[in-house]
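Worksheet: one structure, shown below.
The values are calculated or read from the model by the stated rules, or taken from the named source; none is laboratory data. Small disclaimer: the values here were computed from a predicted structure and weren't measured. Every residue, glycine among them, receives a Cβ derived from its backbone with ideal geometry; neighbour counts consider all protein chains shown. In case anyone asks, the SASA skips ligands and DNA or RNA and just uses the protein heavy atoms, side chains included. Shrake-Rupley method; radii C 1.70, N 1.55, O 1.52, S 1.80 Å.
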Amino acid sequence: MKENSGTPTLRLELAPAGTEVLLKSDAAHAPELGRLTSRFRSAFHQTPTSVQVPLDDFLVNIKVLRSWPSQDVKWDDAVTALVKDSLHDAKGAQEQLSGSDPLRASVTADEIPGLLAPGWKSELTVFQRRDISKLLSMRHGANFSVPGAGKTRVALADFYASRLRGEVARLLVVAPKSAYGSWEEEVYLCFDEPPAVHTVDGGPLDPLAKIVLVNYERLPIAQNALAKWLSTEPSMLVLDEAHRMKRGAKGVYGTVCMALGPRARRRLALTGTPAPNGVKDLQNIFTFVWPGQGARTVERATAGRSLRDASATLKPFFSRTTKQELNLPPLDARVVRVPVTGLHREIYTAIIGEESLKAAGQGQGNEELEKFGRVSMYLIMAATTPALLSAGAHKHEPLPYNLPPLPTPQGKTLAELMEHLPRYEESPKYRKACEIVAANAARGRKTIVWSTFVRSLTTLQQMLRDYAPAVVHGGTADRAEQIDRFRKDPGCMVLLSNPATLGEGISLHQVCHEAVYVDRDFTAGRFLQSLDRIHRLGLAPGTETNVKVLVAEKTIDEVIEERLADKLHFMGTVLDDPGVEQLADLSDEPAATAGLERSDLRALRKHLGEV
């Protein structure tokens, strides 16, 4: 990174968005700039003398700059800092991969109480002290501990110890809205003098705040203000539920996170489900934590090697406390296979054979994935009941089931039968869910029932009215009151919700130990997160926790079951967590956008009869 006082032949600047580096040459060196550009994987010309290179590509391939024919190069301060940080991390990564310097062992768990004094008042478990010591031994880090292990407290301890050491002065936390309460409560519980916490709500940032909370949805609007706040003083940036930016620079949230990351002195990713769909998810999280090195580290660890070997290689780069280490009572999760017969089977088979449905999935690249995602959602609905595909008076209208069902009329088209199906047949999944809830209630046990579709929730609300159901979905105005009623009202025996709304940021394990999944999509992370609402730290020894997953036979449910098993096996093996692996092989219950990724397409096409 040599620099001359004369007119520079090449300037390197951080682009305003923060996710690219701009290379600008003088006119005389435009041909050399063109040759230099070809040596980056994803660089492109803005003008003959200006090239834009994605930050990760630039840091990975920075050595190509050695070929520049002149020493008159001007480096922007932000780019210089990024390169130095990346080279430091690259050296550490290489030492960890080679085993020559495993984590430097610069901080031990026994030292943690001293590093947090004075001012820290909260108790820390053995596992939390272990995780804190590992994170403090690295410049940046990731905590992949299971929900309930105390990742929030570990992150606050990391921040406070780093602050006392003079490394950082303030903390920015990106988290789902549902996690705000946990962060605010932990700040109050952990510090003798709790620092000011500011929540980004559209107004100006409090310049005196030491901790700022912002949700993922607000990131694009607040990006410039947050970048300025991070740069004003040495700061730490934490991504809570970091799997939300799993698409990396290809997603809206990921783009902003990648842009803000280099402006932070310390970066920390928190998630219990870091690889819900495979290697790419893990690469994107590692890229945020270690730009220029993270993705390459994952790629090297997983290329041509067994998952066990990959796990051994990657473990030095993250901390994880498993459910087994927390000594949680076991979770009994089983598949309940539901036969699909009669009109339901006839209509589902017709839907699968529709050429228009297959044509709806045609496209290229991301368009194809998006269209097939819609197709899969139609099929998930039809597996529960084809009636969900018909329009109601309003989008959340309950299905009008007749008890007892009316005889099936003759001479009706399938479209007419589908529209009025609830008059003639009850959904076998709804019926089974109601049977399970009733059996649990008879034992005095509350149940949470999960479904992707709000109309399923409102329908079940009618069918389970004898159990005073609480209902929480995206359109629920009194969410807190509904949850409180489920927790405290002895007559409220069932909570109806969807994982997208209630899958994160809430604990129900004090009152509920039974769960039923009416349907699932392809998102493994969402499934795991929702399971942890009732199976987490704080369960009494011997607590019986039961989960029933309803699978409609010979439908897309079986495709999803297979794909989720593959994803859970990958994540459990890479994280060296047998508890996650066990969920990949659920035993059958004795007879009594769907999160679609490109890796799921072949299985879906096979179900549609295309391959």
Does T458 satisfy the criteria of being out of contact with any Lys or Arg (no Cβ under 6 Å at 6 or more places or on another chain), polar (S, T, N, Q) and surrounded by 24 or more Cβ atoms within 10 Å (Cβ to Cβ)? no
Before we move on, is F191 open to solvent by less than 10 Å² (accessible area, probe 1.4 Å) and within 21 Å of D56 (Cβ to Cβ)? no
Any residue at all in region 488-502 that is open to solvent by less than 10 Å² (accessible area, probe 1.4 Å), at pLDDT below 90, under 28 Å from N277 (Cβ atoms) and in contact with a strand residue (DSSP E or B) (Cβ under 8 Å, 6 or more places away or on another chain)? yes
Determine whether R320 is at pLDDT 80 or above and open to solvent by 40 Å² or more (accessible area, probe 1.4 Å). no
Are there any pairs, at least 6 apart or on different chains, whose C-beta atoms fall under 7 Å, with the first in region 198-211 and of a type in the set (K, R) and the second surrounded by 10 or more Cβ atoms within 10 Å (Cβ to Cβ) and part of a loop (DSSP other than H, G, I, E, B), and if so, which? K210/P195; K210/A196
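Okay, residues lined up against (1) more than 23 Å from the chain's Cα centre (by Cα); (2) of a type in the set (K, R); (3) modelled with pLDDT under 95:
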site	(1), (2), (3)
W120	yes, no, no
E123	yes, no, yes
R139	yes, yes, yes
A142	no, no, yes
G148	no, no, yes
S162	yes, no, no
In region 438-469, what count of residues is obtained for those that are among the β-branched types (V, I, T) and touching a Leu at 6+ places or on another chain (Cβ under 6 Å)? 3
Suppose the filter is farther than 27 Å from P386 by Cα and either of a type in the set (S, T, Y) or at pLDDT below 95 (or both); does H513 pass it? no
If I go through region 194-232 residue by residue, how many of them are open to solvent by 50 Å² or more (accessible area, probe 1.4 Å) and closer than 25 Å to I112 by Cα? 4
I'd like to check something: does region 96-109 contain any residue that is open to solvent by 50 Å² or more (accessible area, probe 1.4 Å), part of a helix (DSSP H, G or I) and modelled with pLDDT of 85 or more? no
Total residues in region 276-292, condition in contact with an Asp or Glu (Cβ under 8 Å, 6 or more places away or on another chain), open to solvent by less than 20 Å² (accessible area, probe 1.4 Å) and at pLDDT below 75: 2
Please count how many residues of region 503-531 are closer than 13 Å to S178 by Cβ and open to solvent by 10 Å² or more (accessible area, probe 1.4 Å). 4
Would you tally the residues in region 202-226 being hydrophobic (A, V, I, L, M, F, W, C) and farther than 18 Å from D240 by Cα? 5
